[in-house]
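Participant: Structure incoming, see below.
Bear in mind these aren't lab numbers, they're just calculated from the coordinates by the rules spelled out. Remember, it's a predicted structure, so these values are computed and weren't measured experimentally. Cβ atoms come from the backbone with ideal geometry, glycine included; neighbour counts cover every protein chain shown.
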Amino acid sequence: MKIVALFGPAGSGKSTQAGLLARHYGWIPLGMGDILRRATDEVEDPDDFLPEPERLALAEQMKSGVMLDDELVWQVLAAKLRQLPADSTVIFDGYLRNAEQVERLLQVYPLELGILLEVSLAEAVRRIEQRRADGPREDDTPAAIAERHQFFSDNFSNVRAALEAAGVKFVTIPADGSIMETNNLLTRAIDQAGIK
């Protein structure tokens, strides 16, 4: 199994680009938020099974907005990855949020490439405000967006350091442009890295 990890703050276009890349290359997109929501759904899903105490604990953490327990998150992700064909290439969207998660993953699976989508705060705010018409979230105010942007920047340096220490290829893509401009830069970088 090959894994590509896509990183970026809110408004960088991670989910959009992960979907486009998955379609272009025939990869499997794994959005960690979606996987966790399914795993904690009260309707038991045999594909995303967690024992009841762990499911309830994770659901409570997600509801309260605290940092999620790394071990529980890993259990969910590992179960999902085990279901996939061994020759799959997977693109992560929203996972590997700290150095410990990087180290845990690399003990079991190879990470072929890390990609940072670099977006300015002004552009992130513009995009998120634009999508508010589809259903605003409480944390989509400019001040909250700025806080999330800074939080990502502060924490991502540890993730990047862990990736680079492990010898993982890493590229940074400017993502202030249009969806297709960013996608063209991404596919060029991925092709140059030789990821299939």
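Participant: Report the residues of segment 111-127 in range of a label on HIS24: point 7 Å along Cα→C-beta, backbone N strictly under 14 Å from it.
Facilitator: Residues 115-117 fall inside that zone.
Participant: Just to confirm the filter: which GluC sites (Glu not before Pro) across segment 93-196 are DSSP coil and have at most 16 other Cβ within 10 angstrom of their Cβ?
Facilitator: Passing both the DSSP loop test and the Cβ count: GLU138.
Participant: Now, a different point. Can you tell me the length gained on complete extension of the stretch THR16 to ARG37, counting 0.36 nm per residue apart and subtracting the Cα distance?
Facilitator: Separation in residues times 0.36 nm, less the Cα-Cα distance, equals 5.7 nm.
Participant: May I ask you to derive the FRET efficiency for GLN130 and ASN155 from their Cβ-Cβ distance with R0 = 30 Å, giving the value to the nearest 0.05?
Facilitator: Working: r = 26 Å, r/R0 = 0.86.
For R0 = 30 Å, the calculated efficiency reads 0.70.
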